[in-house]
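S.K.: One structure, pasted below without further comment.
The values are calculated or read from the model by the stated rules, or taken from the named source; none is laboratory data. The shown structure was predicted, so the numbers you read here are calculated from the model rather than taken from an experiment. All Cβ positions, even for glycine, are placed from backbone atoms using ideal geometry, and neighbour counts span all protein chains on display. With ligands, DNA and RNA removed, areas are computed over all heavy atoms of the protein, side chains included. Shrake-Rupley method; radii C 1.70, N 1.55, O 1.52, S 1.80 Å.
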Amino acid sequence: KDETIFGRNGIKLTGVWGGYMQNISTFENDFNLSRNGFFVFELNKKVLIGWDGLNADFNTASLGNLEMNSNGFTFGYYPIAHKAIHPVINLYGGKGKIKGDEVLDNIYVWQPSITLEMNIFRWFKLGLDGGYRFITESNLTGISSEELSGPYAGLKLKFGWSWGR
């Protein structure tokens, strides 16, 4: 028999997951929180492809309170997802906006990370996530893209189901 991309030996949908992540990072010598909501399809028990939404608040000395929103695609790879504790390599990328009282700026957000994920139940996974958030194309006066970028750590809650082998 011929092998096909979407067939017996090709790409198979093996799970559907959604969840929430709470992150903490530093900005101008202070801590700020960000929140993510995500939805992913699991393919061949190894690859995650889906959507992620990010929302973060920054309190700046020069521009006051700023809110960052971003939506984009998320990709993940976990080679040994069947193990009780396993790593997940993630990449998020999306377009977004930074809003404040007097400002509105379009940005791009890139977020590579590594998650140490634990299979608590078949339908629930808990992860400790760490990575770096790159903000690009910011044109804010007084704050550069590099100042908005930085490392973060977070807690990820993932709900769904994985089937097959």
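S.K.: Scan the stretch 68-98 residue by residue and report those that are modelled with pLDDT under 90 and open to solvent by 70 Å² or more (accessible area, probe 1.4 Å).
M.R.: His82
S.K.: Against the definition (open to solvent by less than 10 Å² (accessible area, probe 1.4 Å), farther than 28 Å from Lys45 by Cα, out of contact with any helix residue (DSSP H, G or I) (no Cβ under 6 Å at 6 or more places or on another chain) and modelled with pLDDT under 90), how does Ala56 come out, yes or no? Can you show your working first?
M.R.: On the way: open to solvent by less than 10 Å² (accessible area, probe 1.4 Å): yes; farther than 28 Å from Lys45 by Cα: yes; out of contact with any helix residue (DSSP H, G or I) (no Cβ under 6 Å at 6 or more places or on another chain): yes; modelled with pLDDT under 90: yes.
Against the criterion (open to solvent by less than 10 Å² (accessible area, probe 1.4 Å), farther than 28 Å from Lys45 by Cα, out of contact with any helix residue (DSSP H, G or I) (no Cβ under 6 Å at 6 or more places or on another chain) and modelled with pLDDT under 90), Ala56 qualifies.
S.K.: Would you check which residues across the stretch 74-85 are part of a strand (DSSP E or B) and within 18 Å of Gly18 (Cα to Cα) and list them? Give the steps one after another, and end with the answer.
M.R.: Going residue by residue through the stretch 74-85, those that are part of a strand (DSSP E or B) are 74-77, 85.
Within the stretch 74-85, Thr74, Phe75, Gly76, Tyr77 meet the criteria.
S.K.: Specify which of the listed residues (Gly19, Gly50) is under 25 Å from Lys95 (Cβ atoms), at pLDDT 90 or above and out of contact with any Ser or Thr (no Cβ under 9 Å at 6 or more places or on another chain).
M.R.: Values: Gly50 fails: out of contact with any Ser or Thr (no Cβ under 9 Å at 6 or more places or on another chain).
Of the residues listed, the single one that is under 25 Å from Lys95 (Cβ atoms), at pLDDT 90 or above and out of contact with any Ser or Thr (no Cβ under 9 Å at 6 or more places or on another chain) is Gly19.
S.K.: Inspect all residues belonging to the stretch 136-153 and state whether any of them is within 18 Å of Asn23 (Cα to Cα), open to solvent by 30 Å² or more (accessible area, probe 1.4 Å) and not in a strand (DSSP E or B).
M.R.: First, the residues of the stretch 136-153 that are within 18 Å of Asn23 (Cα to Cα): 147-153.
Retained after the next criterion (residues that are open to solvent by 30 Å² or more (accessible area, probe 1.4 Å)): 147, 151, 153.
Pick out the ones that are also not in a strand (DSSP E or B) and you get 147.
Scanning the stretch 136-153, I find at least one residue that is within 18 Å of Asn23 (Cα to Cα), open to solvent by 30 Å² or more (accessible area, probe 1.4 Å) and not in a strand (DSSP E or B), so the answer is yes.
S.K.: Taking the stretch 98-114 on its own, how many of its residues are more than 29 Å from Tyr77 (Cβ to Cβ), touching a residue at least 12 places away in the same chain (Cβ under 8 Å) and of a type outside the set (Val, Ile, Thr)? Spell out the reasoning first.
M.R.: We begin by selecting, within the stretch 98-114, every residue more than 29 Å from Tyr77 (Cβ to Cβ); these are 98-106.
Cutting the leftovers down to touching a residue at least 12 places away in the same chain (Cβ under 8 Å) gives us 98-103, 105-106.
Checking which are of a type outside the set (Val, Ile, Thr) leaves us with 99-102, 105-106.
Of the residues in that region, 6 qualify.
S.K.: Would you pick out the residues in the stretch 11-39 that are farther than 16 Å from Trp163 by Cβ, among the aromatic types (Phe, Trp, Tyr) and open to solvent by less than 20 Å² (accessible area, probe 1.4 Å)?
M.R.: Phe27 - this is the single residue of the stretch 11-39 that is farther than 16 Å from Trp163 by Cβ, among the aromatic types (Phe, Trp, Tyr) and open to solvent by less than 20 Å² (accessible area, probe 1.4 Å).
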